[in-house]
Structure formats: C-alpha cells, structure tokens
Amino acid sequence: MANTVYVWMIGCYRRNKEGKVNMNTTVNLAGVELKNPVMTASGTFGSGSEYSEFMDLNQLGAVVTKGVANIPWQGNAAPRIAETSCGMLNAVGLQNPGVDLFVKRDIPFLRKFDTKIIVNVCGKSVKDYCEVVERLADQPVDMLEINVSCPNVKEGGIAFGQDPKALENITKEVKSKAKQPVIMKLSPNVTDITVMAKAAEAGGADVLSLINTLTGMQIDINRQCFAIANQTGGLSGPAIKPVAVRMVYQAANAVSLPIIGMGGIASAEDAMEFILAGASAVAVGTANFYNPMATVEVARGIEDYMQRHKVDNIQNLIGIVK
Amino acid sequence: MHFKETAQVVRQDYISTDVYSIWLQTNKVAAEAKAGQFVSLYCKDGSRLLPRPISICQIDKEKNRICLVYRVAGGGTKEFSRMHAGDTVEIMGPLGNGFTIKDRSAMLIAGGIGIPPMVELAKQLHGQGCNVIAVAGYRNREVFLDKELEKYAHVVIATEDGSVGVKGNVMDAIEEQGLKAEEIYACGPMPMLRAIKEFALREGIEAQLSMEEKMACGIGACLACVCQSTDVDEHTNVHNKRVCKDGPVFFANEIEL
C-alpha cells in the first residue's frame, strides 16, 4: 500500500504560480514524517532556544537535542574546544541538565514549533540509557537517538559504539523499552562501519545516524600542553565531510535502514552529497556555530537543487549514486 | 537582542606590540551594547570556522560605532589586524551580560588585554558621577589605553619590570597605595582574578569579575565555555555557568576560580 501511494505521489506534482515545480521534500523515517530532510546535529544546538533568536525552528524537519542522561552531568573541564583547520575539536563531555529538567523545560519549549523532536540519549551503562528511554516513553517526543559514540566520556558512550556485540545488545535493550522509533548514532572511530551498521540493524534499530566525531588531538606549542583539558576531543566540521560521506555510502549499501547523514555539512551542496550517497535525511552541526542560519539555508538550498535538476520528490535522489 | 550583521571598519590603529584598536560602524550592535559585553568577529578565511570573541572597549551610541582593542594571538586576529578603513567584517553581538553598574565608588582592576572593557565602564561610571580608580597592569613600558582611562578615572599603573608606575602586579599597586572603593570591577588573567577575589572577600567589597574562555557558538548553546559555579546553576542544572551567556561578568561569590 505504502509503495502504491509513493508511486502515485511521484506522478502528481503540480506547478505553482511562478511556473516552478511544487516539490515534495518530505521524508519518512520509521513512520515519522519530516517536512524536509534537514535536522540539527546533537550537541550543536542545545534544545533550540538559543538559536530560535536567529532562525525559524518551524522550517526544520526535526530538532535533535543535546544528549540527555538520567541525571545531570557536569561534563569535562575547560578548555573544552580548540579550532583546527576547517574544523574543531570538542570535549564537552556530554554536560546536560538531566532528563527531569529536560522534560519540564526543553520539551515544552520545542512543542511550540511545527518540527519533529528527536531526543539524543546518553548514558554510562545500559541501565542509564534505559532509564532515560523509559522516562521519555509518555512524552511528546517523536524519535530517540541513542548516542553510543561520544568519544569524550571515559565510561559508556564509545564503549558501546566500538564493539559490535555490545552495540547489538544495547540496541536490543533500548528497543525493548522504547515507545518511539530508535535511531542508533554510530561512531566513525571503527575499522569497518558496515560491521557496526549491521550490528545495530540486528539489534532492531529503526534508523541509523552517522557519523559522530572523529577522535583527535591538538597540542598547544606555546604552552606545551594539550589544547583541550580532556587531551583528546572529537573532530567535527568541513574537515571530516569526505570521511562521513564515504561511511554513509558504505552503511547505506550494507543495511536496509534509513540513514541520517552528518559530518561537516555547511551548505545544501554538502547535504546533497550525503543524500545522493544514501542518506534519507541530514543533520547540520558545527556550521551552526559560525552560521546560526545554516540549517534553514541548507533546507532552502535543497529545494533550489531539486528545482535546478527538475526533481519533484527528494525520494528520487536518495542513494542514486552507486 | 543579538544581531548578526556586516560591520564596516572606520579606522584601525596599532597601539602597542601586537595590540590593535579598531572602530567599527555597526547597524544595530552599538545601539544595544553595554560596558563589559563582547562581540563575535568572523574570519574571512573559511578554514577558520569559529568566531573570535572580543570585548567592547568603547561605544559611540550617536554614531552607532564600537571600538575593539585586541591582541594578535593567532591566525584569526592576524587577519583582523590587516583590515583597513572601508573593509567589512561579519560580527554578532552584543553578547554576554556586561557589568552591572553600581552607583558607588569604583575600583577598576585589569591586566594586559583585560584592560579594554574598562574604558567604556570608566566612561559610564564617571558619567554617573562615581569616583573611579583604574588600576592597570602591564608587562613593561608598552602601556596602552592609559590616556583613554585618564579621561574618566584616577589611573594607577603597575608594570612587571617596574619601567612605569609601581613595580609588580595590580595587587602590589593596590596594597602599596592603599587603594579602596565600594565596588570592584575586574578583567584579566586567572591568577589576577583569583587574587582580586581573595582581596575583595577580605575587604568585604563586592567584586564583578569578567572571565575569558575558549568559545564556539557564543550564544550559550554549545556549552564549550563554562566556568565552575558556586551553586547549581539554574540553566545547566550542574555547577557550571556559561561564560558567553551567563557571563562574561560574574559576581565573585558566584564562581569558583
């Protein structure tokens, strides 16, 4: 049935007053329909309130919140960031206010907007993750993104993201508790991303998102010490985009799950690379820091791209580069 | 309100080794700006992603201009130092909370590149009729902004090598001259702020400290630039405050140094 509707949709595009093709930018992720494929990358956008002063949250497919744990996390010592060429390192350490305050303050704020809410969930043990997932079960949240790939916390996080068995297990546990579709966010700090993508699929994940940051290090040669207090940090920004596109392509061809692509997206052209490589949706992260309008510009630019290439439905572009 | 806009360089002057003073014609930023706030400047070189937070040294509300005084510390500030009158630069601001201006005698204490925000503050305190003392610390005889401060404050200079004013740091100058005031406003390196906090506590004087930390977004979203707070912070729900949004100015008793 779904396929029939989909085929019908392709044929029925109309032209608006300016003679432009009316484009269908909606994407469907595990039954959740997003008005466009553009979302924010977790940890770069808070819960949206700071950015809402500069841009219209209603224009986003979804807002992905900063990671939230069962209890408040203090995070790492400062300095937490360092700029690198075409990128940056961060080791914030998943500082968050805990799920109780998040539910009381951040969800009601986001509900005021016509955009989907995806809550990024972090933890130090399977139990921690499940506590948050259960706490969110009756909340007006559209999807959950499980962060098993943060390189900046000593316990948990990355431990699940680098071991396929552990990843499959935590995916199963979370899925058994979750009332919303589950996105597993994968780490690029692995030898073979397809092994991890298949493990998450085997565990029952509904959607995959990738990539999280690449572990890096910077030395301050004047002070002769590490540039960030945590010694290592996660590399993000345009510098990592080719790695991210490659991994999205590999994962898309290894599993049948929809993929949210991210890693250095700053423009619609960047986003289109991910979509053509196989991503059903994209997330804008580090670019928010230097361009608060980046997400909205990417969403508009994707429409322009479709117009230029005379494609009326974004579905017809996903993963077409083989 | 924060604004992201294109500002135009009115003039730029080299005022000390690696220290530049730049006047920017803004659209809306100057009208909203307060003493102690900062602006983010964006590099034209696309490989330098993050904006550079720079404190506001002077505000000209009539002409809608702001003056920034900054030290060249890396590639980004080097790029700014090459700008000339007529050039444009993307800015966001005014950011942060700024100083809380108290109607009482003031002692402004600052070291090195912490001195710039004190000029606008001194101007405003002086305009309100407050008695203003400014204690400025430098490494050596290459002092800057002392003439600007002198218009609004009784200026005491300390230099590490003793080439100008009192030999030593700002605390040495305060002790040597027995300086006193009812409110302290400070900006400078961490060891200086620690000493000032201790001094203020000992003397029972309220102190406002302007902090510095590496920043990414500049608007409170990314949680890169935190400092430890005495109590659980209302927003973060942990013992962290955001320097860019909750600060950069904190009352000394709010933060752990």
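May I ask you to list the lysines whose Cα is less than 29 Å away from that of B:LYS167, ignoring any residue fewer than eight positions away on the same chain?
B:LYS123, B:LYS147, B:LYS151, B:LYS180, B:LYS197
May I ask you to derive the FRET efficiency for A:LYS172 and A:SER85 from their Cβ-Cβ distance with R0 = 56 Å, giving the value to the nearest 0.05? Don't jump to the answer; show the numbers that get you there.
Details: r = 41 Å, r/R0 = 0.72.
Efficiency, rounded to the nearest 0.05: 0.85.
Determine the percent antiparallel among the DSSP beta bridges restricted to segment A:32-152, to the nearest 5. Kindly include the intermediate steps, with their values, before the conclusion.
Values: 5 of 14 bridges.
Percentage antiparallel, nearest 5: 35.
Set the Förster radius R0 to 35 Å, insert the Cβ-Cβ distance between A:GLN224 and A:ARG308 as r into 1/(1 + (r/R0)^6), and round the FRET efficiency to 0.05.
Details: r = 51 Å, r/R0 = 1.46.
Given R0 = 35 Å and the Cβ-Cβ separation, E is 0.10.
Using only alpha carbon pairs under 8 Å that are at least six residues apart, calculate the relative contact order of segment B:12-52 and give it in whole percent.
21
Going by average Cβ density within 10 Å per residue, which order do the peptides B:51-58, A:276-283, B:29-36, B:4-11 take, highest to lowest? Numbers along the way, then the final one.
Values: B:51-58: 24.2, A:276-283: 25.8, B:29-36: 21.5, B:4-11: 16.6.
Descending packing order for the listed peptides: A:276-283, B:51-58, B:29-36, B:4-11.
Please give the Cα centre distance for segment A:64-136 versus segment B:134-158, rounded to the nearest Å.
Segment A:64-136 and segment B:134-158 have Cα centres spaced 45 Å from each other.
Restricting attention to the alpha-carbon atoms of segment A:59-217, what are Rg (one decimal) and Dmax (integer), both in Å?
Cα-based Rg and Dmax for segment A:59-217 come out at 15.1, 44 Å.
Determine, for each peptide in B:74-84, B:232-242, B:205-215, the mean count of other beta carbons within 10 angstrom over its residues, then list the peptides with the highest first. Mind dumping the intermediate values first?
On the way: B:74-84: 15.2, B:232-242: 19.3, B:205-215: 21.5.
Highest-to-lowest ranking by the protection proxy: B:205-215, B:232-242, B:74-84.
Taking all pairs of different Cα atoms in segment A:218-322, averaging 1/r and flipping that mean, what Kirkwood radius in angstroms comes out?
For segment A:218-322, inverting the mean 1/r across all distinct Cα pairs yields 15.0 Å.
Could you please rank B:ASP172, A:ASP312, placing first whichever residue has the fewest other Cβ atoms within 10 Å of its Cβ? Mind dumping the intermediate values first?
Numbers: B:ASP172 16, A:ASP312 20.
The fewest-first ordering by Cβ neighbours comes to B:ASP172, A:ASP312.
Add +1 for every Lys or Arg and -1 for every Asp or Glu among the other residues with Cβ under 13 Å from the Cβ of B:ALA30, and state the total. Please list the in-between numbers first.
Values: positive: B:LYS28, B:LYS34, B:LYS61, B:LYS63, B:ARG65; negative: B:GLU5, B:GLU32, B:ASP60, B:GLU62, B:GLU120.
Overall, the nearby charge balance is 0.
Is there a simple number for the mean count of other chain Cβ atoms within 10 Å of the Cβ of residues in A:49-58, and what is it? Walk me through the numbers on the way to the answer.
On the way: counts 4, 10, 4, 0, 5, 5, 0, 0, 0, 0.
What the average comes to for A:49-58 is 3.
By the scheme Lys and Arg +1, Asp and Glu -1, what is the net charge of all other residues having a beta-carbon under 12 Å from that of A:ALA268?
Details: positive: A:ARG300, A:ARG308; negative: A:GLU269, A:ASP270, A:GLU273, A:GLU297, A:GLU303, A:ASP304.
It works out to a net charge of -4.
Where a Cα-Cα gap under 29 Å defines reach, which lysines qualify for A:LYS165, not counting those fewer than 8 residues away within the same chain?
Here the lysines satisfying the reach criterion relative to A:LYS165 are A:LYS66, A:LYS124, A:LYS127, A:LYS154, A:LYS175, A:LYS177, A:LYS179, A:LYS185, A:LYS198, A:LYS241.
Given segment A:212-309, what percent of its DSSP beta bridges are antiparallel, to the nearest 5?
On the way: 6 of 9 bridges.
Among the beta bridges of segment A:212-309, antiparallel pairing accounts for roughly 65 percent.
On average, how much area does the Cα convex hull of segment A:159-261 cover when viewed from any direction, in nm²?
Working: hull surface 30.0 nm².
So the Cα hull casts an average projection of 7.5 nm².
Just from its helices, what would the mean residue ellipticity at 222 nm be for chain B, if runs of 4 or more DSSP H residues each count -39500 (n - 2.57) and the sum is divided by every residue, rounded to the nearest 500 deg cm²/dmol?
Details: 6 runs with 50 residues, N = 257.
For chain B, the value works out to -5500 deg cm²/dmol.
What span do the alpha-carbon atoms of the protein assembly as shown cover on each of the three principal axes, reported in whole Å from largest to smallest?
85, 55, 42
When only Cα pairs under 8 Å and 6 or more residues apart are kept, what is the percent relative contact order across segment A:11-139?
Averaging sequence separation for qualifying contacts and normalising by length gives 24 percent for segment A:11-139.
With a sphere of radius 10 Å drawn around the Cβ of B:ALA106, what net charge do the other residues whose Cβ falls strictly inside it have (Lys, Arg +1; Asp, Glu -1)?
Values: positive: B:LYS102, B:ARG104; negative: B:ASP103, B:GLU182, B:GLU183.
So the surrounding residues net to -1.
How many nm is it between the label spots at A:GLU33 and B:LYS147, if each spot is 7 Å from the Cα in line with the beta carbon?
6.9
To make sure I understand, if each residue's beta carbon is the centre and we count other beta carbons within 10 Å, what order do B:MET118, B:MET192 fall in, fewest to most?
Working: B:MET118 33, B:MET192 21.
In order of increasing Cβ crowding within 10 Å: B:MET192, B:MET118.
Please report Rg over Rh for chain A, where both radii come from the alpha carbon positions and Rh follows the Kirkwood definition. Working shown, then result.
Numbers: Rg = 18.9 Å, Rh = 19.7 Å.
Answer for chain A: 0.96.
Dipole magnitude of the protein assembly as shown about its Cα centre, charges +1 at Lys/Arg Cβ and -1 at Asp/Glu Cβ only, in debye to the nearest 20? Let's see the in-between values first.
Details: 59 positive and 64 negative charges, 250 e Å.
Dipole magnitude for the protein assembly as shown comes out near 1200 debye.
Which residue, chosen from B:GLN8, A:VAL132, A:GLN180, occupies the Cα position most advanced towards the positive end of the dipole of the protein assembly as shown, where the dipole is computed from +1 (Lys, Arg) and -1 (Asp, Glu) charges on Cβ about the Cα centre?
Farthest towards the positive pole: A:GLN180.
Have a look at the DSSP beta bridges in chain A and tell me what percent are antiparallel, nearest 5. Numbers along the way, then the final one.
Working: 18 of 44 bridges.
In chain A, DSSP labels about 40 percent of beta bridges as antiparallel.
Report Rg(Cα)/(2.2 N^0.38 Å) for segment B:1-131, keeping two decimals. The partial results should precede the final answer.
Values: Rg = 14.5 Å, N = 131, 2.2 N^0.38 = 14.0 Å.
Computed over Cα atoms of segment B:1-131, the ratio equals 1.03.
In nm, to one decimal, how far is the B:ARG194 label point from the A:VAL126 one, both placed 7 Å along Cα→Cβ?
Reported label-point gap for B:ARG194 and A:VAL126 is 4.5 nm.
On a full-extension model of 0.36 nm per residue, what is the gain between B:HIS235 and B:LYS102, subtracting their alpha-carbon distance, rounded to one decimal in nm? Spell out each step's value before the answer.
On the way: separation 133, 0.36 × 133 = 47.88 nm, distance 2.56 nm.
Value of the extension gain: 45.3 nm.
Calculate, in whole percent, how much of the Cα-Cα pair population of segment B:146-257 lies beyond 25 Å. Don't skip to the answer; put the middle values down first.
Working: 1934 of 6216 pairs.
Above the 25 Å cut-off, segment B:146-257 has 31 percent of its Cα pairs.
Read-outs: derived from the displayed coordinates by stated rules, not from any lab. Note that the structure is a prediction, hence the values are computed from the model and not measured. Because the Cβ atoms are built from the backbone with ideal geometry, glycine has one as well, and the counts that use them run over all protein chains shown.
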